[in-house]
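In what follows, a structure is listed as structure tokens, so that the remarks can point back to it.
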Amino acid sequence: MSEPSEIRIGVVGYGAMGKAHAYGYTAAPVIRSRGVRPRLTVLSGRNGAAVSAAAGPLGFGSWTTDWRELVTSPDVDVVDICTPPGTHAEIIQEAAAAGKAIICEKPLAVGLADAEAAVAAVSHSNVLAAIGFNYRYLPAVALMRELIAAGEIGEVLLWRGSWLSDEFLDPAIPFDWRFDSDLGGSTIADLGSHLVDLAEWMVGPVAQVCAQSSTFTSQRPAGPDGTGSRPVGIDDASSALLRFAGGAAGVLEVARTCARRPCDFTVEVNGTRGTLSFSYARLNELQLGLVADADRFYGMRTIRAEHPTHPYAADWWAIGQGVGYGASFVNFLGGLLSSWPDGPWLPDLATGLRVQRVCAAMEASAAGRGWVEVSDPVPC
């Protein structure tokens, strides 16, 4: 048997997402042969000491403090962007100009104009590009979407999603890029982009939104020593009513001030013939209740999304062992590797732009306190 061809990966950013992506590339060919083998060639980051310390353990052959050096390197085929959202558009544009394939963490940008410029650059250069909506690739979530598409719960009436964490609850947390709207973007865009993507992937385009936002800690300590302060430019918590183009209604909530909520993300869809419900705290399970069930079985049943017939499950462990957060990156990035070099790569940056439009409409609605039409509500 011939050896698989090689694809050379450069990752911009060595934080939590850079680590997650490095893991995904490393594990993907172990879980299943992809026909191509990723090689982690270059890691970049602003802090020389930190990026040099991260490069070896993450499996990279070299490192740099200049992301432009990574983008133009002849040893890089794919530029994988794991930096704060405010930096995404510029890196995408330069990578596209260099003819590199691109993988970008969500959200696509912090503003609509930057997101549009990024998509235009990719379209002009005709390079492969994908955005990191990795939760699509959890078996239970993918199964949920399959069942909806197959009509198992009938016509969708209601969609609801929430993402609750406590990461911003403590007012003593010092100011960093996450609280800077120009660099980190809003909580609507950061957490909400995942939920909006799942909503549109499952139900179809969102046509109108009505949102509210709250910032409970308006000033943060300027540094770790607690001296001075800086104004917070983002929302701590937001929620929105949604109207889908197909007639369904929805509710979305994102919050980073929920005590003892580490990363509690849930999605439920109610249809004319049944209900599906997913909770990230039990990510190998999907809840299903059908109107056609006998009355004696009234309620929700649990599906263990680990059977080989379920999405992605056949590549993983035996039934009962389950998968975790890391599997979403293995499945997502592994799928892209399998489609190299011809594509398509999905979800693409046009999907990221579509989600950005919905998030921008929510931000405008919260500021204006009223219903807002989502621009360009085209099918996803």
Can you tell me which residue in the range 223-238 is farthest from VAL374 (Cα to Cα), limited to those that are surrounded by fewer than 17 Cβ atoms within 10 Å (Cβ to Cβ) and of a type in the set (D, E, K, R)?
-> ASP225
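Results for (1) of a type in the set (Ser, Thr, Tyr); (2) open to solvent by 30 Å² or more (accessible area, probe 1.4 Å); (3) farther than 28 Å from LEU128 by Cβ, shown as yes or no for each residue.
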{"site": "THR272", "(1), (2), (3)": "yes, yes, yes"}
{"site": "GLY289", "(1), (2), (3)": "no, no, yes"}
{"site": "MET300", "(1), (2), (3)": "no, yes, yes"}
{"site": "ILE303", "(1), (2), (3)": "no, yes, yes"}
{"site": "TYR312", "(1), (2), (3)": "yes, yes, no"}
{"site": "ILE319", "(1), (2), (3)": "no, yes, yes"}
{"site": "VAL323", "(1), (2), (3)": "no, no, no"}
{"site": "SER328", "(1), (2), (3)": "yes, no, no"}
{"site": "LEU333", "(1), (2), (3)": "no, no, no"}
What is the residue count in the range 1-53 for residues that are open to solvent by less than 70 Å² (accessible area, probe 1.4 Å), assigned to a helix (DSSP H, G or I), of a type in the set (A, V, I, L, M, F, W, C) and farther than 28 Å from THR65 by Cβ?
-> 1
Out of the range 86-108, which residues are open to solvent by 10 Å² or more (accessible area, probe 1.4 Å) and part of a helix (DSSP H, G or I)?
-> GLY86, THR87, GLU90, GLN93, GLU94, ALA97
Count of residues meeting criterion [farther than 10 Å from SER165 by Cα, surrounded by 17 or more Cβ atoms within 10 Å (Cβ to Cβ) and of a type in the set (Val, Ile, Thr)] in the range 244-265 | 0
Of all residues in the range 227-258 being among the small types (Gly, Ala, Ser) and in a loop (DSSP other than H, G, I, E, B), which is farthest from GLY192 (Cα to Cα)?
-> GLY228
Here are LEU195, LEU169, LEU147, LEU241: which of them is out of contact with any Pro (no Cβ under 8 Å at 6 or more places or on another chain), under 15 Å from GLU268 (Cα atoms) and either without any contact (Cβ under 8 Å) to a residue 40 or more places away in the chain or open to solvent by 50 Å² or more (accessible area, probe 1.4 Å) (or both)?
-> LEU241
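Can you find even one residue in the range 338-350 that is within 21 Å of MET202 (Cβ to Cβ), more than 20 Å from the chain's Cα centre (by Cα) and without any contact (Cβ under 8 Å) to a residue 12 or more places away in the chain?
Taking the range 338-350 first, the residues within 21 Å of MET202 (Cβ to Cβ) are 344-350.
Among the residues that remain, those that are also more than 20 Å from the chain's Cα centre (by Cα) are: none.
Looking for residues that are within 21 Å of MET202 (Cβ to Cβ), more than 20 Å from the chain's Cα centre (by Cα) and without any contact (Cβ under 8 Å) to a residue 12 or more places away in the chain, one finds none in the range 338-350, hence no.
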Log entry, pairs with first residue in the range 361-380 being more than 19 Å from VAL203 (Cα to Cα) and modelled with pLDDT of 95 or more, second being open to solvent by 40 Å² or more (accessible area, probe 1.4 Å) and assigned to a loop (DSSP other than H, G, I, E, B), beta carbons closer than 8 Å, six or more apart or on different chains, reads SER365/TRP371
What pairs come up if the first residue lies in the range 59-72 and is closer than 11 Å to ILE9 by Cα and modelled with pLDDT of 95 or more, the second is among the small types (Gly, Ala, Ser) and surrounded by fewer than 19 Cβ atoms within 10 Å (Cβ to Cβ), and their beta carbons are under 8 Å apart, counting only those six or more places apart or on different chains?
-> VAL71/ALA98
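The values are calculated or read from the model by the stated rules, or taken from the named source; none is laboratory data. In this text, all values refer to a predicted model and were calculated from it rather than measured experimentally. When we count neighbours, we look across all protein chains shown, and the Cβ atoms used for this are built from the backbone with ideal geometry, even at glycine. To get the accessible areas, we keep the full protein, side chains included, count just its heavy atoms, and leave off ligands, DNA and RNA. Shrake-Rupley method; radii C 1.70, N 1.55, O 1.52, S 1.80 Å.
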